[in-house]
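Undergrad: Below you'll find the structure I mean.
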Amino acid sequence: LWSKVMTFTIHFAENSWKGAALGAVLAMLFFLIAIGIYIKTGISPIVDVLIIIVLIGVVIGVTGYLTKRFFPIIQKLNPLFVAAFVSSFVVAGLIPGSFFSRPFILFEMICGAMVGYAIARGIKKMGSLILISLVLIGNFSVFYFFVFEGFDNTIAINEDLSKTTLSILTVDDPSRNGTFEVNELFYGSGNDKNRPEFGKEVDILTKSVDATPFFDQTSGISNHIRKIYWGFDSKNYPINGRVWYPIGEGTFPLVLIVHGNHNMDDYSDPGYKYLGELLASRGYIVVSVDENFLNGNWMGDFYDKEIFTRAWLLLKHLQNWREWNNTKGNIFSDKVDMDNIALIGHSRGGAAVSTAAAINKLNKYHLDANQIFDFQFSIKGIVQIAPNDPYTPQNNVPLELENVNYMLLHGGYDQDMYWTAGNRVYNRAVFTDGDYHFKTALYIYRANHGQFNTVWGRKDRTIPFAWCLNTKPIMNGEDQRQIAKLYISAFLESTLKGKNEYIPLFKDYRLAGQVLPEDYY
């Protein structure tokens, strides 16, 4: 029996190695192309593709040579098969998602071996047809899983929970556009190589800033590759922002919105246009801050080490606004109500705004007293959207928000921040000055992480993790953003304009009536 098994195994290997090698290589190429979407060096798309091709070609060649030269036992196998199989596993270990790519390569290698064996035996034989059918069914199942949204296993909405004996608020719907006409402009360095709105087409020029005392991004291969893409490093971070502002007389409260971590070349700052236009129409100057250069790419990200810098940059933006407001002839001269400022942050941007509120009160950097701060802005409100909470200036001593109004929004289907870190910020927020302040948090059952930003979308993870997400139960993006519009606008009306009639909304969501999409809150 053993002799027959060995004979069959050798015969199978001799007739299937080409298919197995081809299956392994094709699986690796598929995965590299999927990952390659995120590989943008900034030199040229052609160079990006060549990197992928050269990478796998070099590894296959080197692996084949080493296998044949130093492993006599493996020499009994076909060296091309060994090179394809081993090199695919080596490459899989160098890129994100090896937990997925290696089983996938093994699966496709087996599929290729089955097809190769079937062809060698004769394609018309019943056994060969069965093998090929199994390969087709297996691959169809795998690739269908990649695109399948999942199952809606949410709890059905109980209409009785939405009923209330309290009167629905009769105040103006804060999620509706106001009476102001809205204009848009851009400020930035003027030499952005990737984005003309912050480059040659910029409306207001700003001076870049040196962040190296807080975050040195001037050395290392990854940082040099980043510099090739962006054209700068931490010695000269740009102060870039897209602005929506009301056209009309008067001074207007200032609102800064900052994104979190995402693929750095899939620019996040345009994703809050829906908020910017709404709030500007209601009498706010709104800025979506560009911090994409602090985001991750195919080489990895900074793993929260950049949170302080994200926050510090927000305050540098505010310094520019203070200067413009005090400069005669500037388009924003005497237009900005610097006594009423709010910061809104999403994901790591959420951590940035709470950190900025704390830094704002310091007169120097806590790790280097030579770094003098001159901020002291009148930040009246903080909004965190699905934030993380990693930054502590001292070990195990988290930041506290003091005498700042606070609101948290978080979704139950968030697969990035799948635990509500903002609750910790909420619990640490204290009011000590005797003035009226409030803090509030809203849990949204079917909201995810990304749909608060129109660029990020329904997939809260990158490939291959995104293929494994159950996205079917998530509410549609328009509903999720309607919730953000309603509560953020009401929060700003209450905290920056003193309209206390909106405060009951933060005590009982049912008072919003039909304006709020149906869900559990």
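Undergrad: Provide the packing ranking of 252-258, 502-508, 105-111, i.e. peptides ordered by the mean count of other C-beta atoms within 10 Å per residue, highest first.
TA: 252-258, 105-111, 502-508
Undergrad: Another question about this same structure. Using the Kirkwood formula on the Cα atoms of segment 167-515, what hydrodynamic radius do you get, in angstrom to one decimal?
TA: Evaluated over segment 167-515, this radius sits at 20.5 Å.
Undergrad: Which pairs in the list LYS273/LYS316; LYS305/LYS335; LYS459/LYS485; LYS364/LYS497 are over 24 Å apart, alpha-carbon to alpha-carbon?
TA: Result: LYS305/LYS335; LYS364/LYS497 exceed 24 Å.
Undergrad: Can you give me the convex hull volume of the Cα atoms of segment 110-200, divided per residue and expressed in Å³?
TA: 319 Å³
Undergrad: Could you work out how much longer the chain between LYS124 and ASN177 gets when fully extended? Use 0.36 nm per residue separation minus the Cα distance between them, nm to one decimal.
TA: This chain segment gains 12.3 nm when fully extended.
Undergrad: Something else about it: Need the list of aspartates and glutamates near LYS499 for cross-linking: C-alpha distance under 12 angstrom, and skip anything on the same chain fewer than eight residues off.
TA: Those aspartates and glutamates meeting the cut-off are ASP172.
Undergrad: May I pose another question? Please give, to one decimal in nm, the separation of the simple spin-label points placed at PHE140 and VAL47, each 7 Å out from Cα toward the Cβ.
TA: Result: 4.4 nm between the two label points.
Undergrad: With a 10 Å radius around each residue's Cβ, average the other Cβ atoms per peptide and rank 480-488, 149-157, highest first.
TA: Peptide ranking by packing, descending: 480-488, 149-157.
Undergrad: Here is a follow-up. Whole percent per 5 Å bin, from 0 to the bin with the longest distance: what is P(r) over all C-alpha pairs of segment 414-456?
TA: Per 5 Å bin, starting at zero, the Cα-Cα P(r) for segment 414-456 comes out as 5, 16, 22, 19, 15, 11, 8, 5, 0 percent.
Undergrad: Between TYR65 and PHE99, what is the spin-label point distance in nm, taking each point 7 Å from the Cα along the Cα→C-beta axis?
TA: If labels sit at TYR65 and PHE99, their model points lie 3.6 nm apart.
Undergrad: Roughly how many Å is it from the Cα centre of segment 357-378 to that of segment 445-521, as a whole number?
TA: First find each Cα centre; the distance between them is then 33 Å.
Undergrad: Can you figure out the FRET efficiency of SER219 with GLU149, using R₀ = 60 Å and their beta-carbon distance, to the nearest 0.05?
TA: Plugging the Cβ-Cβ distance into 1/(1 + (r/R0)^6) gives 0.90.
Since every read-out is calculated from the coordinates, none of them should be taken as a lab result. All figures in this text were calculated on a predicted structure; none of them were measured in a lab. Neighbour counts are summed over all protein chains in view; Cβ atoms, including those assigned to glycine, are modelled from backbone coordinates with ideal geometry.
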